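A.B. asks: Let me give you the structure first, and then I'll get to my questions.
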Amino acid sequence: MEWETVIGLETHAQLSTVSKIFSGASTAFGAAPNTQACGVDIALPGVLPVINRGAVERAIRFGLAANGKRADNICRRSVFARKNYFYPDLPKGYQISQYELPIVSGGSVSIVTRSGEKIIRLTRAHLEEDAGKSLHEDFQGMSGIDLNRAGTPLLEIVSEPDMRSAEEAVAYAKALHALVRWIGICDGNMQEGSFRCDANVSVRRPGGPLGTRREIKNLNSFRFLQQAIEYEVQWQIDVIEGGGTIGQATVLFDADSGKTREMRSKEDAHDYRYFPDPDLLPLEVSDVWIDEVRAAIGELPGERKKRFQESMALSEYDAGVLTNDRETGDYFEGVIGASLASGEARDRADFKLCANWVINEVLAKRNADNLPPWQFAVSDDTLGYMLGLLRNGDISARTTKDLFAEFWEASRAKKFSVQGGSKSMVDELIASRGLKQVSDTAEIESIIDQVLLANPKSVEEFRAGREKAFNALVGQAMKATKGKGNPATINGILRRRLGA
Amino acid sequence: MHNATVSELSAALTAGKISSAELTKLFLERIGQLNGVLNAFVTVDAEKSLAQARAADERIARHEGSRLTGIPIAHKDIFCARDWLTTCGSKMLANFVSPYDAHVIERFNAAGCVILGKTNMDEFAMGSSNETSYFGPVKNPWDQTCVPGGSSGGSAAAVAPRRAPPATGTHTGGSIRQPAALTGITGIKPTYGRVSRYGMIAFASSLDQGGVMARSAEDAALLLSEMAGADARDSTCVDMAAEDYTRTLRQPWTPDGSSDRPLQGLRIGLPREHFGEGLAPEVEVAVRAAVAEFEKLGASIVDINLPNSPLSVPAYYVIAPAEASSNLSRFDGVRYGYRAPDYADLLDMYRKTRAQGFGAEVKRRILIGTYVLSHGYYDAYYLQAQRIRRLIAQDFDAAFKCCDLIAGPTSPTVAFKLGAKASDPVQMYLNDIYTIPANLAGLPGMSIPCGFGSGGLPVGLHVVGNYYSEARMLCAASHFQQATDWHTKAPGV
Amino acid sequence: MPLSPDEVRRIALLARIELSEPEIAAAQGQLNAIFGLIEKLQAADTRGVAPMSHAGDASARLREDQVLESDQRERFQSVAPHVERGLYLVPRVIE
């Protein structure tokens, strides 16, 4: 029987502010327990929340970025509410979160999968505070509570149930991840929990009414997201096909077993008694403020992709790969800049050369080494310089590849004084190993004269129409230059001399 | 000396006629004589007080004092004061030594005031008789078989018998004005947002406001000038510079006013709804006489309507418990305060801690608040109450188009007997029927002594002004007190 | 609308307050008396009236994104019921 999967994602992006959403405590990761939990964060009697402008500014930035920079999805007057429940990592006994009136309503994110491009609609994005952490190590059978994370600003981004497969859900999560990092509102560090997803999953007959959904909580890697959804979908189908029904539930994914299981702790907590937080007046966002934020956003991924396609004549695929994240695009443009001496005109071939190099060499290595998007072992300047030499015929393609690989490894092994290498290091290596190609026409002409004189048989054969003889002559010329002759130059001169 | 006003004490301190240390000792001795009887203070710490007093004396000697330097003041135990026990009248916080100062405490400390002690109060400010305190009821200094009013009953019972020159109080429904009326002192609760709530333990955040309990309007003006003003740590606190409320105290209401008719031009509105059923005749007589005194001073009287004010008590008993139920969730036995000694698991720890740590009235209000916010009841109760709150605010807007101040009784009766209403919450709640409407609207309100009823118990005149009109209210009250001597009467204890 | 003992139990659980059976009965009576007072709200015509959740119609004042707090763990935990290695200890949390 046919089943259709319906998935919506709720994503918590930790905002990149230095202080918490309602207090002046630091948000830095990894401090000793409770040393970054101030009076407001531990909810001392009498303390009050005050909203962090930086958190609001980032929410506006997101709203604009997910809406083609239009502001019709940004609520000019939003309201913070209290979500009431008891939990030891929730010091006030309520979480401050936007409920009825979120700061962002609507917007969308575009994803590309094997079946092409698709638009995933956003329901809303709202500001809220994170909770602390419960540590379950052995404290004589008790749990330890660390409130350093309590009050960290989060933007909860809620999608419409527009995804139909785990693949689409992962593509959406990746696109969203790239976007929040692109606009600088979240560092995207999934190991530290800066970006985590809850997936609402249900199955139905194609075209039929929506099935009952189960929510998988706290998925902090794309791989877990994929595995958890795939397991959950199959589980739901098995239950229904076995004659059972799905009950609404909150479940956890256990990475070790690869299974989902129902949470036990929140069974009576469904009545959150939301009401507007009386400590916080409504949040007003002026048009002037929105304009300022818009002006500072800069180019968005879609805009940059379009520019790469239109002004650099890159293919849609290349432009797409190069704008997957902001750093790759920046790196690519850096490579182009460094590959050309100032004032030199760029042409399609230059852009294509740089694009091919970044995609086929750099990204391949970055992925193979499992590096984060912002880590390039060879700097854009260094690679650009190498490609400039290649383009000018000063080094061969082979040499360039070898050099790049060597630089990458050395830099990864931290053997460089200058991280990512430098132009002078490239120059030194080429000089010390004699890698420079001979492109001097006069020198090559005289070498070819000698080769022609020394190989009359090959010349004759070539003139008789045997192309292979030409290659033999090139080989002799290369040999005479000790391999440093620029093959293109040798080719050209030889053909001219032979009158071909 | 204990009968002197704050400005008289200030003059004596500056002139070197008395030191702050002497003054502090005097008041601490007077507190010691009576506290076993009235139970006005939860905490007195002579060592801390005297250290502050000596520092104040040094400051005065260096001529660096302000007009409040060296003045002893009592603080309601709802204000967090660093290194002081801050109990909020609850077993839940019976051992809570505050690690920080409330904004109000900071301001008074910075001015050089001396903390005389922390005053008793209804538990978490929930009460109108000061009988819900974990530390026992406070007695009315005029008649120890009667209540002093609540929730700032300890502060009232400290100021009225001259055991503290002024005291701080807080107000959610009637908690400054009602005890001020029942003990014959002057109390002012400013416009919501005028005084920072930072460090003031929350009862109902959209209603709570700090204020002053003092012997006269002049003292109240002096103290409020120090207390009010912007604070970045309370985002509901208005971003308005502090005012000196004493500056205009003696000025006539309008430039046309004369010395015998200084309130010429003042229009006082009397709400019909506040002179009807339920008002004790002895209270009405005293209040009407006070209104006549205002007329003598030049004021004119207009009758006004506050048609929705009968709905104020029901609306208040939805809104305040709703907010309280959430505000008091932080008392869970995890980070500070009481934790039940025996429990089976986490849920059991929460339930036992809160069952044992909170008193009956607090638990009652948490249950009401939880109910009105819960699924299926929110619209019918909470939202409906919020709509009525707006109607009540609109009543006042309309009223202030035809008058400058609104006057009436603060409380329907004089102080009642201890225990008389303790078992009937609804009767207790109706005590605040006249003060609650202005509070829902966020307006400033005062109570000033205006006579005595049966048994020699004081009666208070209730004065409500428009938003941020504290200076005008204090000016009118001060002229009344220049012409009368009710505020100079003290109980014979 | 009168509260049943079950409703009293439900809200007491939501509020994390343990009530014994006699306490539930007492609370039911008192709460119903109070709701008798509160029910008066239902008679009022509030159509078209916007709920008022704050005194006044001001908007929030924001703070700049700056770290203003330093570590006060020792001071804060000096009043805590049970701490170990800088953590607040509670009966085991089950997820």
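A.B. asks: Suppose the filter is more than 14 Å from chain C (Cβ to nearest Cβ), charged (D, E, K, R) and either open to solvent by 20 Å² or more (accessible area, probe 1.4 Å) or closer than 22 Å to B:G455 by Cβ (or both); does B:K417 pass it? Give the steps one after another, and end with the answer.
C.D. replies: Working: more than 14 Å from chain C (Cβ to nearest Cβ): yes; charged (D, E, K, R): yes; either open to solvent by 20 Å² or more (accessible area, probe 1.4 Å) or closer than 22 Å to B:G455 by Cβ (or both): yes.
Criteria met by B:K417.
A.B. asks: Can you pull out every residue in the range A:4-46 that is at pLDDT 95 or above and of a type in the set (F, W, Y)?
C.D. replies: The one that is at pLDDT 95 or above and of a type in the set (F, W, Y): A:F22.
A.B. asks: Ok, one more. Taking B:P255 and the conditions (1) open to solvent by 10 Å² or more (accessible area, probe 1.4 Å); (2) under 13 Å from the mean Cα position of the chain (by Cα); (3) of a type outside the set (D, E), which numbered condition does it fall short on, given that it satisfies the others?
C.D. replies: (2)
A.B. asks: Let me ask something additional. Going by the conditions given, is B:Q394 at pLDDT 95 or above and more than 7 Å from chain C (Cβ to nearest Cβ)? Break it down stepwise before answering.
C.D. replies: Values: at pLDDT 95 or above: yes; more than 7 Å from chain C (Cβ to nearest Cβ): yes.
Criteria met by B:Q394.
A.B. asks: Can B:S20 be described as open to solvent by less than 30 Å² (accessible area, probe 1.4 Å) and either more than 21 Å from the chain's Cα centre (by Cα) or in contact (Cβ under 8 Å) with a residue 60 or more places away in the chain (or both)?
C.D. replies: Details: open to solvent by less than 30 Å² (accessible area, probe 1.4 Å): yes; either more than 21 Å from the chain's Cα centre (by Cα) or in contact (Cβ under 8 Å) with a residue 60 or more places away in the chain (or both): yes.
When the stated conditions are applied, B:S20 passes them.
A.B. asks: Somewhere in the range A:90-109, is a residue within 14 Å of chain B (Cβ to nearest Cβ) and of a type in the set (G, A, S)?
C.D. replies: Looking through the range A:90-109, at least one residue is within 14 Å of chain B (Cβ to nearest Cβ) and of a type in the set (G, A, S).
A.B. asks: Also, I was wondering about something else. Taking A:I51 and the conditions (1) hydrophobic (A, V, I, L, M, F, W, C); (2) open to solvent by 10 Å² or more (accessible area, probe 1.4 Å); (3) facing chain C (nearest Cβ under 7 Å), which numbered condition does it fall short on, given that it satisfies the others?
C.D. replies: Answer for A:I51: the failing condition is (2).
A.B. asks: To continue, here is another question. Starting from residues that are more than 18 Å from A:L90 (Cβ to Cβ) and among the aromatic types (F, W, Y), keep the ones in the range A:1-40 and report whichever is nearest to the other protein chains (Cβ to nearest Cβ).
C.D. replies: A:F29
A.B. asks: Pick out the one residue from A:A43, A:A66 that is touching a residue at least 40 places away in the same chain (Cβ under 8 Å), surrounded by 22 or more Cβ atoms within 10 Å (Cβ to Cβ) and within 14 Å of chain B (Cβ to nearest Cβ).
C.D. replies: Details: A:A66 fails: within 14 Å of chain B (Cβ to nearest Cβ).
Step by step, each of A:A43, A:A66 is checked, and only A:A43 is touching a residue at least 40 places away in the same chain (Cβ under 8 Å), surrounded by 22 or more Cβ atoms within 10 Å (Cβ to Cβ) and within 14 Å of chain B (Cβ to nearest Cβ).
A.B. asks: Return the residues of the range B:9-46 that are under 25 Å from B:G149 (Cβ atoms) and of a type in the set (A, V, I, L, M, F, W, C); say none if nothing qualifies.
C.D. replies: Within the range B:9-46, B:F27, B:L28, B:I31, B:L34, B:V37, B:L38, B:A40, B:F41, B:V42, B:V44 qualify.
A.B. asks: Sticking with this structure for a sec: Search the range A:155-178 for residues being surrounded by fewer than 24 Cβ atoms within 10 Å (Cβ to Cβ) and closer than 23 Å to C:D65 by Cβ, and hand back the single one that is nearest to the other protein chains (Cβ to nearest Cβ).
C.D. replies: Out of the qualifying residues, it is A:E156.
A.B. asks: Which residues, counting only those in the range B:420-448, are of a type in the set (G, A, S), within 18 Å of the chain's Cα centre (by Cα) and within 13 Å of chain C (Cβ to nearest Cβ)?
C.D. replies: We begin by selecting, within the range B:420-448, every residue of a type in the set (G, A, S); these are B:420, B:422-423, B:438, B:441-442, B:445, B:447.
From the residues that got through so far, the ones that are within 18 Å of the chain's Cα centre (by Cα) too are B:438, B:441-442, B:445, B:447.
B:A438, B:A441, B:G442, B:G445, listed by residue number.
A.B. asks: Turning to a different aspect of this structure: Sort through A:E117, A:E160 and tell me the only one that's among the charged types (D, E, K, R), farther than 23 Å from A:V40 by Cα and at pLDDT 95 or above.
C.D. replies: Values: A:E117 fails: at pLDDT 95 or above.
Exactly one residue qualifies, and that residue is A:E160.
A.B. asks: While we're here: Among the residues of the range A:137-154, what is the count of those that are within 7 Å of chain C (Cβ to nearest Cβ) and of a type outside the set (G, A, S)? Don't jump to the end; show me each part of the working.
C.D. replies: Residues of the range A:137-154 within 7 Å of chain C (Cβ to nearest Cβ): A:139, A:141-146.
From the residues that got through so far, the ones that are of a type outside the set (G, A, S) too are A:139, A:142, A:145-146.
Counting residues in the range A:137-154 that are within 7 Å of chain C (Cβ to nearest Cβ) and of a type outside the set (G, A, S) gives 4.
A.B. asks: Hey, does the range B:151-170 have a residue that's open to solvent by 10 Å² or more (accessible area, probe 1.4 Å) and among the small types (G, A, S)?
C.D. replies: No - not one qualifying residue is present in the range B:151-170.
A.B. asks: Of everything in the range B:121-150, what is surrounded by fewer than 24 Cβ atoms within 10 Å (Cβ to Cβ), in a loop (DSSP other than H, G, I, E, B) and not small (G, A, S)? Give them in sequence order.
C.D. replies: First pass over the range B:121-150, keeping only residues surrounded by fewer than 24 Cβ atoms within 10 Å (Cβ to Cβ): B:131, B:134-137, B:139, B:143-146.
If we keep only those that are in a loop (DSSP other than H, G, I, E, B) too, we end up with B:131, B:134-137, B:139, B:144-145.
Across the range B:121-150, the qualifying residues are B:E131, B:Y134, B:F135, B:P137, B:K139, B:Q144, B:T145.
A.B. asks: Name the single residue, out of those in the range B:326-362 being under 20 Å from B:D122 (Cα atoms) and hydroxyl-bearing (S, T, Y), that is nearest to the other protein chains (Cβ to nearest Cβ).
C.D. replies: Among those that are under 20 Å from B:D122 (Cα atoms) and hydroxyl-bearing (S, T, Y), it is B:S329.
A.B. asks: Does C:I34 satisfy the condition of being under 30 Å from B:Y429 (Cβ atoms), of a type in the set (V, I, T), modelled with pLDDT under 95 and within 22 Å of the chain's Cα centre (by Cα)? Give the steps one after another, and end with the answer.
C.D. replies: Numbers: under 30 Å from B:Y429 (Cβ atoms): yes; of a type in the set (V, I, T): yes; modelled with pLDDT under 95: yes; within 22 Å of the chain's Cα centre (by Cα): yes.
For C:I34, the condition - under 30 Å from B:Y429 (Cβ atoms), of a type in the set (V, I, T), modelled with pLDDT under 95 and within 22 Å of the chain's Cα centre (by Cα) - is met.
A.B. asks: Residues that are aliphatic (A, V, I, L, M) and open to solvent by less than 70 Å² (accessible area, probe 1.4 Å): list the helices (runs of 4 or more DSSP H) wholly contained in the range A:388-500 that include at least 3 such residues.
C.D. replies: Details: elements: A:397-412, A:423-433, A:441-454, A:456-463, A:467-480, A:487-497.
Because the criterion is at least 3 residues that are aliphatic (A, V, I, L, M) and open to solvent by less than 70 Å² (accessible area, probe 1.4 Å), the helices (runs of 4 or more DSSP H) in the range A:388-500 that meet it are A:397-412, A:423-433, A:441-454, A:467-480, A:487-497.
A.B. asks: Here's a follow-up. Among the helices (runs of 4 or more DSSP H) contained in the range B:283-376, which hold 3 or more residues that are open to solvent by less than 10 Å² (accessible area, probe 1.4 Å) and closer than 30 Å to B:I448 by Cβ? Talk me through it step by step, then tell me what you get.
C.D. replies: On the way: elements: B:312-327, B:346-357, B:360-373.
By residue number, B:312-327.
A.B. asks: Here's a check for you: in the range B:82-102, which residue that is of a type outside the set (S, T, N, Q) and open to solvent by less than 10 Å² (accessible area, probe 1.4 Å) is farthest from the other protein chains (Cβ to nearest Cβ)?
C.D. replies: Our first condition is that a residue be of a type outside the set (S, T, N, Q); within the range B:82-102, this holds for B:82-85, B:88-89, B:91-94, B:96-97, B:99-102.
Pick out the ones that are also open to solvent by less than 10 Å² (accessible area, probe 1.4 Å) and you get B:88-89, B:92-93, B:96, B:99, B:102.
Working: B:C88: 7, B:G89: 12, B:M92: 9, B:L93: 7, B:F96: 6, B:P99: 5, B:A102: 6 Å.
That would be B:G89.
A.B. asks: Residue by residue through the range B:449-465, note down the ones that are under 14 Å from the mean Cα position of the chain (by Cα) and assigned to a helix (DSSP H, G or I).
C.D. replies: Scanning the range B:449-465 gives no hits.
A.B. asks: Which fully enclosed helices (runs of 4 or more DSSP H) of chain C have 1 or more residues being touching a residue at least 12 places away in the same chain (Cβ under 8 Å), under 30 Å from B:V318 (Cα atoms) and more than 8 Å from every other protein chain (Cβ to nearest Cβ)?
C.D. replies: Values: elements: C:5-14, C:21-38, C:73-77.
Counting at least 1 such residues, we get C:5-14, C:21-38.
A.B. asks: From the set of residues in the range A:228-239 that are without any contact (Cβ under 8 Å) to a residue 60 or more places away in the chain and open to solvent by 30 Å² or more (accessible area, probe 1.4 Å), which is nearest to the chain's Cα centre (by Cα)? Steps first, please.
C.D. replies: Pass one, the range A:228-239, residues without any contact (Cβ under 8 Å) to a residue 60 or more places away in the chain: A:228, A:231-232, A:234-236, A:238-239.
The next check asks that each one be open to solvent by 30 Å² or more (accessible area, probe 1.4 Å); those that pass are A:231, A:234-235, A:238-239.
Values: A:Y231: 26, A:Q234: 29, A:W235: 31, A:D238: 35, A:V239: 37 Å.
Top of the filtered list is A:Y231.
A.B. asks: Could you go through the range B:470-490 and let me know if any residue there is under 19 Å from the mean Cα position of the chain (by Cα), crowded, with 24+ Cβ neighbours inside 10 Å and in a strand (DSSP E or B).
C.D. replies: no
A.B. asks: Search the range B:455-469 for residues being within 28 Å of B:Q33 (Cβ to Cβ) and open to solvent by 20 Å² or more (accessible area, probe 1.4 Å), and hand back the single one that is nearest to the other protein chains (Cβ to nearest Cβ).
C.D. replies: In the first step, residues of the range B:455-469 are kept if they are within 28 Å of B:Q33 (Cβ to Cβ); the result is B:455-460.
Then drop every residue that is not open to solvent by 20 Å² or more (accessible area, probe 1.4 Å), which leaves B:455-456.
Details: B:G455: 29, B:G456: 32 Å.
The selected residue is B:G455.
A.B. asks: Can you tell which of A:V180, A:V170, A:V158 is over 18 Å from A:L300 (Cα atoms), under 13 Å from the mean Cα position of the chain (by Cα) and among the aliphatic types (A, V, I, L, M)? It would help to see each step written out before you state the result.
C.D. replies: Numbers: A:V180 fails: over 18 Å from A:L300 (Cα atoms); A:V158 fails: under 13 Å from the mean Cα position of the chain (by Cα).
From the options A:V180, A:V170, A:V158, the qualifying one is A:V170.
The values are calculated or read from the model by the stated rules, or taken from the named source; none is laboratory data. Nothing here was measured: the structure is a model prediction, and the numbers come from that model. Positions of Cβ are backbone-derived with ideal geometry, glycine not excepted, and every protein chain shown enters the neighbour counts. For accessibility, only protein heavy atoms count, side chains too; no ligands or nucleic acids. Shrake-Rupley method; radii C 1.70, N 1.55, O 1.52, S 1.80 Å.
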